[in-house]
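Down below is the structure, laid out as C-alpha cells.
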Amino acid sequence: MEKILIAISFGLLLLIIYLIFRAVTLILSVNRRASDTDSGNRINAILMIIFLTGGMGLIFWYSNKASAHFLPESASVHGVWIDELFETTLLITGIVFVITQTLLFYFSYRYQHKPGRKALFYPHNNKLEITWTVVPAIVFIALFVAGLDAWSKITSKAPDDAVVIEIVGQQFSWIVRYPGEDGTLGAYDYRLTDGVNSFGMDFTDRASFDDFTPPQLHIPKGKPVLLKIRAKDVMHSVYLPHFRLKMDAVPGMPTMFHFVARFTTQEMRDKLGDQEFNFELACAELCGRAHFAMRLMVVVEEEEDFYAWYKAQKPWLSENPEYLSKVPGTLKEWAGIKTEHVNF
Amino acid sequence: MAVQPIHQSQEEPFVAHEEHHEGNFITKYIFSQDHKMIAKQYLVTGIMWAIAGGLLSLLFRLQLGFPNANMDWLKPLLGDWIQSGKIDPELYLALVTMHGTKMVFFVLTAGLSGTFSNFLIPLQIGARDMASGFMNMLSYWLFFTASVIMFYSMFIETGPAGGGWTVYPPLSVLPQAISGSGLGMTLWLISMSFFIASTLMGGINYITTVINLRTKGMSFWKLPLTIWALFFTAILGLLTFPVLFAAALLLIFDRSFGTSFYLSDIYIAGEVLPNVGGSPLLYQHLFWFLGHPEVYIAILPAFGIVSEVIATNARKPIFGYLAMIGSMFVITFLSVTVWAHHMFVSGMSPFLGSLFMLASFIIAVPSSVKVFNWLATLWRGDIHFTPAMLFAIGMVSFFIAGGVTGLFVANSAIDIQLHDTYFIVAHFHLVMGSAPFFGFLTGGYHWFPKMFGRMMHKGLGYLHFWLTFAGVYLVFFPMHYLGMAGFPRRYYSFTGFDAFSSFTDLNAFISIAAFVTFGAQLIFLFNFFYSMFRGRRAPQNPWRSNTLEWTAPINPGHGNWPGSLPVVYRWPYDYSKPGAQEDFIPQNVPFAQTPESNLPEEVKAISEGLPEVVGKDFQDKMEGDDISPENLAQ
C-alpha cells in the first residue's frame, strides 16, 4: 500500500512539473516579442562571467581552506623531489588554467551576438599556430626532463647497505619479514605457504632460520630501506602516503622500492602537534571486499632505537618450533642454535 | 556487374522513394538498415545506459558521502546486499565496476560514436547510407546483445563483475577472491566480446563509407571536422579493440580452461594453486593498449562535434582547420604509444616508464593546440548561445580543467604519489568523462532537429546546461583536494585510516552535488522525449549551418536526398565571409554564384575554369551521372 502511494505521488509530481512547463511555455509564447532570443543570449553571456568569477573565487577560497587537510611535508627524501615537481607543475598549469578559462568565458561574453555584429573571417594564422605548438612543447619537454631526473634517481638501484625488508600483500592484510641477524632473507617458495607459514619460507635455506616477522613495519630514520614486495593471492599495492611511495605487489613477480625516511614517528608527531599521529601503510590496488581496510602501522625510529628493536625480535622459527621438522638433518643443529640459544 | 549491388544500395532508395520505402514497423524501427534509425537506436540505448550508469554512481555516492547512514530503505532494491543497514563492500565494488564499464564502453564509445558516426557520416559527406546497411544493423544488434547480457549480470545472485572496470587478474580470475569474479565476470567477458564485435563492424563501416561514398566534390580537405574526428575514432577503434579481445580471450582461458597466462604463484583461501609462469602485467599491457586509446575514442568525436558547433554558432570559420585535423591525426597516432603510463608503479621496468612519460607529455601538445584553436575561433565571433553552443563551451572548459592535471599524472615521478588516488578520479572524470559527455549533449542538442524534425525547448536546454555545468564541477573539482590529501580510489570507507579520516564534509558535499546533477538530467530527458513528439517543428536549417545535412529534407527519407545528391564546392566553414550577403555559405554553393565574397585564389581558380569551382558544368555532369542509374550499372 505504501509503495503504491509513493508511486502515485511520484506520478502526480511529474504531472505537476509537466503542467507548470506547459503553462510557462504557453504564457511565454503569448508574450513573445522579437527580441526574446536576444535576451536569452544576453542572460547566458552574463552567466558566463558570473560563472567565471564565482568559480575562480570558489577555487581559490576553498584551495586555501582545504590545504589544511593535505598530506604534511614528505617524510621521505625522494618525496621532497616529488612534492617540488608537483608544486612546479601546479604553478605552471595553474597559470595556464586561469588564463585559458578566463579567455574562454570572457570571449563568450565579449563576442556575444548583438544586432549588427559580424564575426571576423579569420580562418588561420600560421605564426600563431606555430607559436602555440612550440611553446607548450618546450614547456612540456622541460617538465619531462625534470620528471625524468627525479624518476631516474628514485628508481635507481638500491644502495648495498640498505635495510632489506620483505612485505607481502594478502587478502586483507600486510605481513612483513626481516632478514634477522645474517642480513639475508631466507628463500621462499609459494608452494610451501600454509596457514601458519604465511611467507612460504623454505627451511632448507639456512638464511631463513633467523628471519623474523613483526606485526608492524619498523624502519630506521636516515638510512636507505629496500622494500621487497610480493603478493600472495591477488594484486595489492604498497602505498605509504606520507612517504610518497607506491608500488604494486604482484603475484609471481616480486617488485621493490627503496627510500630514506626523513623523520621519526615522534618527530612527525611534534611537527604536527598531534601525539596520536602514526605513519600508515595502505593498499592502493583493488583487491577485494576489505581492500579499504588493509592497514599496517609504520614505525620510524632513530637508527639506534631501530637496531635495539631489531635485536630484540625472536626468529619466526623459534616462535613456531613445529617447523623445525622441515629443516634438513644437516642443518638441524644450526637451526637449533639460531632459534633457541641465541638472543643477540 | 560486380559493382551492381553497391550501386543498388546507393541508388535504389532514390528510385523507390515515392513508393514503399517506409517498410513495416519491424523493418523501420527495429531491424532497420537505415543509418538514421540505427543512429537513433544507438542514441536511445546510450541514454538508457547513461541513466543506469548514473544511478549506480548515486548508490555508491550514498555510501561515500554518508558512511554512517542507515541504508535499510534500499532493501527493496538491493535485498540481501544490505546487511544490518550497510551496503555490502562487494556490492560497492560491483557498483563502481559497472559504473565504469557502462560509462566508458556503453555510453561514451557505443553511445557517442554509434550515434554520431551513423547519423552524421552519410548526411555530412552526401551519401545515401552507410557502405553496408546490413552490417550496420548487425553492429547495433550485437551491441544490444552485449547490453542485455551486461544488464542481466547485475541481477544474478553472486553479483556482477567487481574487480574494477579494468578487471585486472588475478582478482578477476578467482571467484575465491571476490564473488563478482564468478558468473558475473563470465557474463562481463561474454558481453564485452559481443561489444567488441559490434564496435569493429561499426568501425569498418564508418571507415569504408568515409573513404568511398563521399559525394562529388567532397574531397577529404572539404570534410567537416566531425567527419574527420569520427574517421580517426573508427580507425583507432579498429586498431585497438582487437587487442582488448585478445586480453579478454586469454582471461576467459585462464578462468575457464585452466591456463596460466596471467596467473602465477598464488595461494588463496588456504589452497596453493598450480598455475605458474603467468604474468598479471601481460594483461595490463594488453588491456591498456586498448584502454588508453579508448579515452581518445571517447574524446575524439567530442572534439569534432564541438569544433563544428563552435564554428557554426560563433559564425566564424574554425580557426586552423588543417591544424585541427593534424592535431587529431597526431593524437590518434600517439594514443597507441602512451598506454603504459597507467602502469608506472606496476613493477614494470622504470626505463620503459621514462619512454612512456615522454610520449605522454608529447601527446599533450596537440591537445593544447586544439584548445587554443577553439579560443581563437571564439575570438571576435558573433556568438549565438544555443544550448548546443553552451555545452560546447562547457566541454572546452572541462577539457582544459581535466587536461592540465594530465601534466601531473603524465610525470611518472609525481604519479608515484597520485596513482590510484582521487586525483586520478578527478582528472579522468573531467577530461574523458564529462568532456565527451558534454560533447554527446552538444551533438544531441545540435542535431536533434535533423533527427526528429522538431526543435528541443531552448529554455529547458539553458537550465539543463547551467545546472549540469555547475554540478559537474562541484562533483569532480573537489576530488582533486581528496587526491592531494592522499585518498585512494575504490575505497568503500575511509574510516579505517587516520590519514584519510578528514574531509568527511567534503565527501558529503560531493554526494549531494552528484544527486542534484543527476536530477538535472531529468530536465534533459523530459525535453528530449517531449520535443520528439510535441516540439516546435524544425525549419530547414535552424542553425544556419554550412554542412550538407541541412540541405536534406527536414525529415530525410531512406536515401537522404530525393533526386540527386548534393555537390560540394567549398569547405564547410565559410561563415561571415567578407562581402557575402548572409553570414554563411553552405558547402553546395558554387563559387561562381558568390562573386561578391570570393577570395583572390578562388577568383583565380574560376578564371582558370576549374569545374569543381565554377559549378555549372560540374553540376550538369553530376546530374547526368546520377539520374541514370541504369547507365551506371552497365
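Derivation of every value follows stated rules applied to the coordinates shown; laboratory data play no part. Worth saying up front: this structure is predicted, and the values here are computed from it rather than measured.
Of the DSSP beta bridges with both residues in chain A, give the percent that are antiparallel, rounding to the nearest 5. Mind showing how you got there, number by number?
Details: 25 of 37 bridges.
Once the DSSP bridges in chain A are tallied, antiparallel ones form about 70 percent.
Compared with the dominant principal axis of the Cα atoms in chain A, helix A:303-312 is inclined by about 50°. Measure nothing but the geometry: give the 0 to 90° angle between the long axis through the Cα atoms of B:387-404 and the longest principal axis through the Cα atoms of chain B, rounded to 10°. Tilt relative to chain B: about 50 degrees. Shape annotation for the protein assembly as shown: C-alpha extents along the principal axes are 105, 68, 54 Å, from largest to smallest. Across segment A:40-103 the C-alpha pair distances fall into 10 Å bins from zero in the proportions 17, 36, 27, 14, 6, 1 percent. Across A:W81, A:W334, A:W61, mean-square fluctuation computed from a Gaussian network of chain A (C-alpha pairs under 10 Å connected) peaks at A:W61. Pairs exceeding 21 Å between alpha-carbon atoms, taken from A:K246/B:K86; A:K228/A:K271; A:K114/B:K577; B:K40/B:K102: A:K246/B:K86; A:K228/A:K271.
In the protein assembly as shown, the DSSP beta bridges split such that about 70 percent are antiparallel, to the nearest 5. Our note on the geometry: Cα centres of segment B:192-257 and segment B:299-324, 22 Å apart.
Given the alpha-carbon gyration tensor of segment B:286-427, what are the semi-axes of its equivalent ellipsoid in whole angstrom, ordered largest first, with each equal to the square root of 5 times an eigenvalue?
Ellipsoid semi-axes (Å, largest first): 31, 15, 12.
Put the Cα centre of segment B:428-469 next to the Cα centre of segment A:265-344 and the gap is 57 Å.
For chain B, the longest principal axis of the C-alpha atoms and the axis of helix B:350-378 are separated by about 40°.
Counting only helical runs of four or more DSSP H residues, what would the 222 nm mean residue ellipticity of chain B come to if each run contributes -39,500 (n - 2.57) and the total is spread over all its residues? Walk me through the intermediate numbers first.
On the way: 22 runs with 374 residues, N = 634.
My calculation for chain B gives -20000 deg cm²/dmol from helical runs alone.
Centre-to-centre separation between the Cα atoms of segment B:53-67 and those of segment B:345-374: 32 Å.
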